Amino acid sequence: MYTADLFAQERLGQRDAIGPCAWVLRGFALPYVDELLPALGRLEAASPFRHMVTPGGFTMSVALTNCGALGWASDRRGYRYTSTDPDNGQRWPAMPGVFARLAAEAAAAAGFMGFEPDACLVNRYAPGSRLSLHQDKDERDYDAPIVSVSLGMTATFLFGGHARSDKTAKIPLYHGDVAVWGGEDRLRYHGVLPLKGPSHPLMGEQRVNFTFRKAG
Ligand code: MD3
Ligand code: FE
């Protein structure tokens, strides 16, 4: 076995508390990957990844698409959740069953029972893509947790406090890791450092992140 795989074996099943109400479930998504990837392929065919423009006029380095009743979108006018894909005017693709199951199982494993997300934002990072420090506050219901699934290349996640200037912890997120956070950690600043490092054996030169939310 390769050294990288031996380290992956060792992390499997670990549950790292990164805040009072935030956890990383190491390798939790691995048993779902064979079903997630074909479902992602079908989603992409209907609503392809695209680079959105921020209200400030910058084009995001991360490419995104959505599935579920609501999808996150940005343009010069602002950030918002929409029920249709602005590129084709059609409803966002339905949330695949395997996505909804994984999100609910991971939320339950972290103590949030009955999580039924209505939005899944899919972010795709190429080498150099980053997400600057921000809060997730475009959702209506801050009581529901957020579940995030990482696939592909390892990313360094930045986990800050409730003020932008608070010190950040750097947390590596590996292929198959699932992060769940809610409660008092729900509005913490967070971001992702520019993606770099070795290509992933299955996913190649990219990282894909699914973020499940109750947005409506
Ligand atoms: C926040 N996505 O789309 S989610 C986003 O990896 C976003 O694509 C990132 O932030 C991504 O809005 C990160 C991962 C995450 C994990 C744990 C957290 C975000 C968190 C804990 C507290 C607050
Ligand atoms: Fe975020």
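Please go through the stretch 45-69 and pick out each residue that is among the hydroxyl-bearing types (S, T, Y) and surrounded by 13 or more Cβ atoms within 10 Å (Cβ to Cβ). Walk me through how you get there before you give the answer.
Initially, the stretch 45-69 is screened for residues among the hydroxyl-bearing types (S, T, Y), giving 47, 54, 59, 61, 65.
Of everything in the stretch 45-69, those that are among the hydroxyl-bearing types (S, T, Y) and surrounded by 13 or more Cβ atoms within 10 Å (Cβ to Cβ) turn out to be S47, T54, S61, T65.
Count, please, the residues in the stretch 190-216 that happen to be away from ligand 2 (no atom under 16 Å from the Cβ) and of a type in the set (S, T, N, Q).
2
Considering only residues that are within 14 Å of ligand 2 (Cβ to nearest atom) and not hydroxyl-bearing (S, T, Y), look in the stretch 178-189 and name the one that is nearest to L6 (Cα to Cα).
Checking each candidate, the answer is A179.
For (1) within 12 Å of ligand 1 (Cβ to nearest atom); (2) in contact with a strand residue (DSSP E or B) (Cβ under 6 Å, 6 or more places away or on another chain); (3) assigned to a strand (DSSP E or B); (4) within 29 Å of P31 (Cα to Cα), each residue gets a yes or a no:
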| residue | (1), (2), (3), (4) |
| --- | --- |
| S129 | yes, no, no, yes |
| L133 | yes, yes, yes, no |
| D143 | no, no, no, yes |
| V147 | yes, yes, yes, yes |
| L151 | yes, yes, yes, yes |
| L158 | yes, yes, yes, yes |
| K167 | no, no, no, no |
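Among all residue pairs at least 6 apart or on different chains, which show Cβ distances below 6 Å where the first residue, located in the stretch 131-145, is closer than 14 Å to H162 by Cα and the second is open to solvent by less than 40 Å² (accessible area, probe 1.4 Å) and outside any loop (DSSP other than H, G, I, E, B)?
L133/G191
For residues in the stretch 70-83 being part of a strand (DSSP E or B) and open to solvent by 50 Å² or more (accessible area, probe 1.4 Å), which is nearest to G216 (Cα to Cα)? Write out each step before concluding.
Restricting attention to the stretch 70-83, the residues satisfying the condition of being part of a strand (DSSP E or B) are 70-75, 78-82.
If we keep only those that are open to solvent by 50 Å² or more (accessible area, probe 1.4 Å) too, we end up with 79-80.
Numbers: Y79: 14, R80: 11 Å.
Only one residue fits best here, namely R80.
Within the stretch 11-69, can you find the residues that are in contact with a His (Cβ under 7 Å, 6 or more places away or on another chain) and either β-branched (V, I, T) or not in a strand (DSSP E or B) (or both)? Please lay out each step first, then the result.
First, the residues of the stretch 11-69 that are in contact with a His (Cβ under 7 Å, 6 or more places away or on another chain): 59-60, 63.
If the condition is that a residue be in contact with a His (Cβ under 7 Å, 6 or more places away or on another chain) and either β-branched (V, I, T) or not in a strand (DSSP E or B) (or both), then T59, M60 are the ones that fit.
Please go through (1) near ligand 1 (Cβ under 9 Å from one of its atoms); (2) surrounded by 17 or more Cβ atoms within 10 Å (Cβ to Cβ) for A103 and return the number of the only condition it doesn't satisfy.
(1) is the only condition that A103 fails.
Kindly provide the set of residues from the stretch 134-177 that are buried (at least 18 other Cβ atoms within 10 Å of the Cβ), within 16 Å of ligand 2 (Cβ to nearest atom) and among the hydrophobic types (A, V, I, L, M, F, W, C), ordered by number.
Within the stretch 134-177, A144, I146, V147, V149, A155, F157, L158, F159, L173 qualify.
The values are calculated or read from the model by the stated rules, or taken from the named source; none is laboratory data. What you are looking at is a predicted structure, and each value in this text was computed from that prediction instead of being measured. Heads up, the Cβs are rebuilt from the backbone with ideal geometry, glycines too, and the neighbour counts pull from every protein chain shown. Just so you know, the surface numbers come from the protein's heavy atoms only, side chains and all, with ligands and any DNA or RNA stripped out. Shrake-Rupley method; radii C 1.70, N 1.55, O 1.52, S 1.80 Å.
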